[in-house]
Structure formats: C-alpha cells, structure tokens
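These notes are about the structure you will find just below.
Every read-out reported here was derived from the displayed coordinates using simple, explicitly stated rules and does not represent laboratory data. Keep in mind that what you see is a predicted model, and the values were worked out from it rather than measured. Neighbour counts run over all protein chains shown; Cβ positions are idealised from the backbone, glycine included.
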Amino acid sequence: MPQASVNQLVAALRQGAVISFPTDTVPALAVQPEQAAKLFALKSRATTKPLILLGTSWQQLQPYVQGNGQELHVWQQLSAQYWPGSLTLVLPASALVPLAMHPETPHTIGIRVPQQPLALALLQQTGPLATSSANRSGEPPLLTMTAIATAFPPVWVLAAPNLDPHQAVGSGQPSTVVEWQASGWQVLRSGSVTIPSTF
C-alpha cells in the first residue's frame, strides 16, 4: 500500500497509477481522465454510473463543458456561489472529456471543486482528474486513508504531516448533484449542500 506525498502522488499518477486523497465530502479514488476505465474496473462499477471531474476552479473546468454565452454565465454564477464546496454540476460535455469517463452518458459530465486544501494542492499540479468515492461499487465509502490502502493495495494513498491516516476525513456525505436541463436545474442527488426551494 504505497503512501506518498502530494509530489509523489503526482509522479505516480503520470505513470498511470490510481491515487487516493481526501476531499471535503468523502475520500476520492482518482486517475487521469483518459484512464478512467481503471476506476470502473477497480471499483467493479457499472459504466452507467459516470465519474466526476474534480478541478481547482470554474476556469480550470470550463473547457470540459459546452454551452452558449447565457448558459455559461448561469453555470458560472452557481459555481461562484457554491465552490469550493460539495455541489456537483452535471453539464453538457465538450469534446475534451474522454469517452472513458462517461461511456453510457457521453453528452454530460459532472464537475466539482472540492473545499479541501490537500485536494486543491494536488489538483493544482495535476489538472482535472476523473474521480469516484473510495469503495467497491454498492458498498459504503471508506473514510480513512488506512482503510483505503488496505482495501485497494495497488492504489497510491496520500500521506501528509497534518493528515491522520486512521481518522475519517471529510463530511462523510456525498456531494449534492444537480443537472442543467432545458427547464433549468434538477436535483439528481441530495447530499452535503442544501439547495434552496427557489433553486
């Protein structure tokens, strides 16, 4: 179970490794977007369940979505209100999103900026990453880095001076997921963020 610093995780990722790091919700498993098939295989996850693209800002993630000027303005406004934070936006995907990330739903992509310093430091170096919660499909998310290292021996797990590997990190709740549709926003999954009734 390789445990490594942010810089070592970046190097491992560039060599094709799957990595794990804490977020503000639950810890993530992550790969470079074009290698997303590795996450589906590792988790025994159905390809009908797309992955989430994590990044450091709206500006970093915007190239992965496509919309007209008015739509981009609305999306950016919502991201400014809730990011960094535990709200995932499902938006029309641009051609930059590898098909491996969403083989069954190629026209949309979920994007998010986590409110977690270690995650942001990593993503600043790697660029956006394909991510999913650290667990086998259908099982509860693993909440400590030790549990993740034990369950997934090939995965490179983040070790940092201020990160206790035996302590749960994040809220333990998944992100709230909303999708942009012709009629406006639709909540697909309730989670850490409570969306106002006027949403």
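Listed values for the stretch 178-187 are Karplus-derived 3J(HN,Hα) couplings in whole Hz (6.51 cos²θ - 1.76 cosθ + 1.60, θ = phi - 60°), namely 10, 10, 7, 10, 4, 8, x, 7, 10, 7, and x replaces Gly and Pro. Extension gain for HIS107-ILE195 works out to 29.2 nm (0.36 nm per residue, less the C-alpha to C-alpha distance). Among GLN15, GLN173, GLN32, the largest mean-square fluctuation in a Gaussian network model of the chain, built with springs joining Cα atoms closer than 10 Å, belongs to GLN15.
Of all DSSP-defined beta bridges confined to the chain, some 65% are antiparallel rather than parallel.
Under a point-charge model restricted to the Cβ atoms of Lys and Arg (+1) and Asp and Glu (-1), what is the dipole moment magnitude of the chain relative to its Cα centre, in debye to the nearest 20? Walk me through the intermediate numbers first.
Numbers: 8 positive and 7 negative charges, 56 e Å.
For the chain, the charge dipole is close to 260 debye.
Taking each DSSP H run with n ≥ 4 as -39500 (n - 2.57) and averaging over every residue of the chain yields -7000 deg cm²/dmol at 222 nm.
In the chain, a dipole from Cβ-located charges (positive for Lys and Arg, negative for Asp and Glu) runs towards its positive end, and of TRP180, VAL74, ALA100 it is ALA100 whose Cα lies farthest in that direction. The modelled label-to-label distance between ALA168 and GLU139, using points 7 Å beyond Cα along the C-beta direction, is 1.7 nm.
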